[in-house]
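Take a look at the structure set out below.
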Amino acid sequence: MAAPLLLLGVVLAGCTTDEPGNATAGTTTAGTSAAATTTKSVPTTTASSGPSLADVKTCDIYRELASQLGLSKIEQADKDSCYADVSASESVQFDLHPDKGLADYVKNAQTEVSETTVNGRKALLAKKALTSTSCVVAIEVTAKSRVDFVGTSNDSLDKSCENAQKVAKAVEPKLPK
C-alpha cells in the first residue's frame, strides 16, 4: 500500500496551482501536438558490456559440441568447471577463472609454458601442467580473467595437448568478447 501512495505523492508533486485553468498540450509551429512527441532512452554500451564469464555454462557448451568433438561422460565438476572424456584414457576439463588472467597462471617446476593464440586470442600452452602427460590451453577473456582447457591422458603428452587445443578452438567462439 505504501508504494501506490508514494507514487501518487510523486505525481501530485509534479502539479502546481500557480496558474488557474486546465492543462492542455500546446501546439508547435508545424501544427503537431507536443503530446505526440516522444523521446526514447537508449542505453549506452561499452566494450565491457555484454555477456560475462559468469554467464558461461561450461557443461552446456560441452553438450552442444559433444558430437563434433567426440566428448562423452560430460559431468559438472563444480560451478566453474566441466569434465568430459575424449576416450577411455583421455579427457579434457573446461575451467572458468573469472578473477585470474593469463599473468596469474601458476606453473610447477616441470611445466613448459609458451605463448600462443587460439582463434586470434592471447593464450598460453602449458605442457606437463599437472603431470608429465597433462597439457593446459589457457585463453585470455580479459586481462583479469581466463578459461583453461586441461587435457589429460594416461600415456601421451602430445595427445593431451592435441585434445586441449582442439576443444579450446571449438569453444573459443562461445566465450565473451
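Conditions first: (1) surrounded by fewer than 17 Cβ atoms within 10 Å (Cβ to Cβ); (2) over 18 Å from residue 135 (Cα atoms); (3) in contact with a helix residue (DSSP H, G or I) (Cβ under 9 Å, 6 or more places away or on another chain). Residue 89 passes all but one, so which condition is the exception?
(2)
Six or more apart or on different chains, Cβ atoms under 6 Å: show the pairs whose first residue is in the range 112-129 and closer than 18 Å to residue 145 by Cβ and modelled with pLDDT of 95 or more and whose second is of a type in the set (S, T, N, Q) and outside any strand (DSSP E or B).
Pairs found: 126/111.
Mind listing whichever residues of the range 84-105 are outside any strand (DSSP E or B) and over 21 Å from residue 162 (Cα atoms)?
Listed by number, the residues that qualify are 98, 99, 100, 101, 103, 104.
Residues of the range 134-172 being part of a strand (DSSP E or B) and of a type in the set (S, T, N, Q), which ones?
Within the range 134-172, 134, 142, 145, 152, 153 meet the criteria.
Identify all residues within the range 162-171 that are surrounded by fewer than 23 Cβ atoms within 10 Å (Cβ to Cβ) and touching a residue at least 24 places away in the same chain (Cβ under 8 Å); write none if there are none.
Matches in the range 162-171: 165, 166, 169, 170.
So which residues in the range 64-83 are assigned to a strand (DSSP E or B) and surrounded by fewer than 20 Cβ atoms within 10 Å (Cβ to Cβ)?
Residues satisfying the conditions are 72, 73, 74, 75, 76, 77, 78, 81.
Which one of 96, 175, 157, 130 is touching a Ser or Thr at 6+ places or on another chain (Cβ under 9 Å), closer than 25 Å to residue 64 by Cβ and of a type in the set (A, V, I, L, M, F, W, C)?
Exactly one residue qualifies, and that residue is 96.
Give me a count of the residues in the range 74-90 that are touching a Leu at 6+ places or on another chain (Cβ under 9 Å) and over 13 Å from residue 148 (Cβ atoms).
So the count comes out to 4.
For the range 119-129, what are the residues that are in a loop (DSSP other than H, G, I, E, B) and either among the basic types (Lys, Arg) or buried (at least 16 other Cβ atoms within 10 Å of the Cβ) (or both)?
Hits for the range 119-129 are 128, 129.
Given the residues 57, 79, 107, 73, which is the only one that is closer than 17 Å to residue 140 by Cβ and among the basic types (Lys, Arg)?
Criteria check complete, one pass: 107.
Considering each residue of the range 130-161, count those that are surrounded by 20 or more Cβ atoms within 10 Å (Cβ to Cβ) and either touching a residue at least 40 places away in the same chain (Cβ under 8 Å) or aliphatic (A, V, I, L, M) (or both), and give that number.
The total comes to 15.
The values are calculated or read from the model by the stated rules, or taken from the named source; none is laboratory data. Because the structure is a prediction, the values reported are computed rather than measured. Note that we place each Cβ from the backbone using ideal geometry, even for glycine, and neighbour counts take in every protein chain shown.
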